[in-house]
Each structure stands twice: as structure tokens, then as C-alpha cells.
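Written below as C-alpha cells is the structure these notes are about.
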Amino acid sequence: MTFFLQIGTTFCRGFWPTNPSVRGRARGNMHLVFTSRAKLTRHGEDMAECPSLGPMGMARTSVRCRLWGYRGAPVAQAPDTTTIHGSAKVVQRTMTEPNTSQNQTAAIELELARLGEELLALQQELAKKNAEYERIASYDGLTGLLNRRAILERVNEWLLHVKRYKGHLTVVMLDIDHFKEVNDKHGHRVGDRVLTDLAAMMQRSIRKTDFVGRYGGEEFLIVLPRTDAAGAAIMAERVRSSLATVPIHDPEGNAFMVTASLGIAECLEGDNEDSLISRADAALYRAKEAGRNRVEIAARPD
């Protein structure tokens with residue numbers, strides 16, 4: 001029976017008079033153990049010979065080689081090996097079966113890929129969780145505005161900016177007038193809606209570069225970078241008038257009005273967080289003492 005044999009880079013035609021046993025699991029490489037005399041030839045010339053050995057006439061010559069079919073096709077497809085079709089199946093299966101180390105390498109690579117995908121998914125989930133924790137840590141749960149800690153951080157950031165680069169910085173303190181009466185008369189659910197409506201109104205009234213936060217209870221703090229007191233007064237009046245002219249409705253459909261008082265303070269040389277906010281707070285109380293529903297600007301010290 002004829003087969004094709006490659007030893008190293010040499011293609012040979014071999015004569016296989018009896019079925020060999022195939023040993024070894026290296027992909028494309030195996031040991032052929034011939035059980036009788038066999039000869040390998042190339043272009044009619046002898047290339048190798050497997051002599052008969054042993055008292056029982058058994059020739060056992062191991063040749064490390066690769067089996068090929070006609071013109072490089074698999075053994076099972078070679079036209080001159082059809083008479084050993086059964087043996088060809090065995091040979092082909094042995095040739096395509098990866099060795100143990102290759103199996104282990106492939107398994108490790110698959111496991112690493114799976115772990116990499118799991119790690120990426122965990123990193124993405126962690127990023128989402130961190131973003132959620134940042135939102136919880138920085139924003140008020142009811143109004144969606146910056147909370148007290150976060151708005152004060154903005155104040156300090158811009159105080160440092162003004163100290164280094166000069167320019168203007170103004171803060172506005174807002175307090176809803178008679179808010180306790182709103183809660184007592186209409187309930188806390190209605191009071192919460194007043195807070196959320198006011199928060200949305202303030203966000204619509206400020207620039208994208210401005211900041212507004214819930215300072216505490218019904219008090220709010222607006223930070224206006226690159227704005228002087230006069231410019232802040234225009235914005236504050238817009239918020240005050242909008243709130244005073246928009247009715248609020250309770251669950252029974254009854255309408256009532258809500259107003260707010262606002263105090264403005266522009267950053268002066270030497271100001272820090274406490275001094276700047278204290279002057280805005282003092283202006284706010286002057287607005288309340290003057291009848292509420294008004295805007296007051298902190299006086300500059302002499």
C-alpha cells in the first residue's frame with residue numbers, strides 16, 4: 001500500500017505492506033512502528049529501509065514523520081490510499097489531536113479570556129457604583145441639587161481661583177419665607193414639592209458655569225463665578241419674582257403662593273468661606289426684617 005511520508009523537509013513515497021501501529025500524540029508528528037519489512041523511496045531511489053528484527057521476524061523501526069495525502073491532501077483523501085481507508089482514519093485522528101501541553105495551554109488561554117471578561121464586567125460595575133456613590137455623596141436626595149458639603153467645596157475652589165487670578169465671585173443665600181407654615185398647613189409632601197419646584201426654577205435661572213446647592217432645610221446657596229454683586233442681583237430678582245408669581249397647589253387643588261428672601265455678598269480681598277457666607281447671610285436677614293420677598297446686597301465694609 002502506498003502512502004506519502006515527510007521526514008523533516010523531504011517528501012517520500014513509502015510502501016506499507018502491513019498495517020502499522022501509530023504511537024505518539026504530537027500534532028502532525030508521530031512515530032510509525034512497522035511490524036514487517038518496509039522501504040521508503042523517492043523518485044525510485046531508496047531513502048530508508050526497515051529491516052526485519054527479532055527472533056519472531058518482527059521489524060520495529062520508529063520513524064518520526066508526518067503523513068500527507070496526494071499532493072498535500074489529508075491521508076483519507078489520497079487516491080492511492082483508499083485500500084487502507086480504515087487505517088487512514090486512525091492516522092488522521094491521531095494527527096489532528098493536540099498533545100497534552102497544547103490542550104493545557106488552550107484551556108489556560110480560554111480561562112484567562114473568561115477571567116478577563118469577568119474582570120472587565122466587574123470594573124464597569126464598579127465604575128457605575130462609584131458614580132452612584134459620588135452622586136449620593138454630593139447631591140441632595142430630594143431636590144437633586146448639590147448638598148451642603150459639595151456647594152461649600154465649590155465656594156472654596158473659587159475662592160482659591162479668585163485669590164490666584166483675581167476676578168469676581170458672588171454668592172447668594174436664599175430662604176423660603178414662612179416655610180414652616182407651609183408644612184404645618186399643607187403637609188410635608190406639599191412642602192417637599194415647593195422645595196423641588198424652587199430647585200428647578202433656580203437651575204433654569206443660572207448659567208451652566210454657576211452652582212446651586214441646598215444649604216440646609218429651606219435655605220439654598222448659589223455660587224456665581226466671574227459675577228459681581230450687580231449681576232448677581234439681576235439673577236436673584238429673576239428667581240424671586242418667578243417664585244412669587246407661580247401658584248402652588250395642594251392635593252385638594254387649593255392654590256397658595258410662596259415667596260423667598262435673598263441676600264447677596266461679593267467676594268472681597270481677604271475673604272474666606274466663613275466671612276463671605278456670613279455677609280450673604282446677614283444680607284438675607286436684612287431682607288427678612290425689611291418685609292421678606294426681597295433681595296438685599298451686603299454692604300462693603302469701610
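We did not get these values from a lab; they are worked out from the coordinates using the rules stated. Fair warning: this is a prediction, and the values are worked out from it, not measured in the lab. All Cβ positions, even for glycine, are placed from backbone atoms using ideal geometry, and neighbour counts span all protein chains on display.
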For a label point 7 Å from the Cα of Asp250 along Cα→C-beta, name the residues of segment 259-302 whose backbone N is under 20 Å from it.
-> 259-260
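What is the order of Met201, Met173, fewest Cβ neighbours within 10 Å to most?
Numbers: Met201 15, Met173 27.
Final ranking by Cβ density, sparse to dense: Met201, Met173.
If we count other beta carbons within 10 Å of each Cβ, what is the order of Ile234, Ile277, fewest first?
Details: Ile234 11, Ile277 19.
Lowest to highest Cβ neighbour count: Ile234, Ile277.
Taking N as the number of residues in segment 157-201, what is its Cα Rg relative to 2.2 N^0.38 Å?
On the way: Rg = 17.1 Å, N = 45, 2.2 N^0.38 = 9.3 Å.
Cα Rg divided by the expected 2.2 N^0.38 Å: 1.83.
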Grab the beta carbon distance between Ala290 and Lys185, set R0 = 30 Å, and tell me the FRET efficiency rounded to 0.05.
-> 0.75
Under-5 Å amide H pairs with Tyr139, H placed in peptide plane, nonlocal only = Asn147
Phi angles of segment 149-155, converted by Karplus (6.51 cos²θ - 1.76 cosθ + 1.60, θ = phi - 60°) into ³J(HN,Hα) in whole Hz with x for Gly and Pro, give 4, 5, 5, 5, 4, 5, 4
Given segment 141-300 reduced to its alpha-carbon atoms as identical point scatterers, what log10 I(q)/I(0) does the Debye formula return at q = 0.09, 0.16 Å⁻¹?
-> -0.28, -0.84
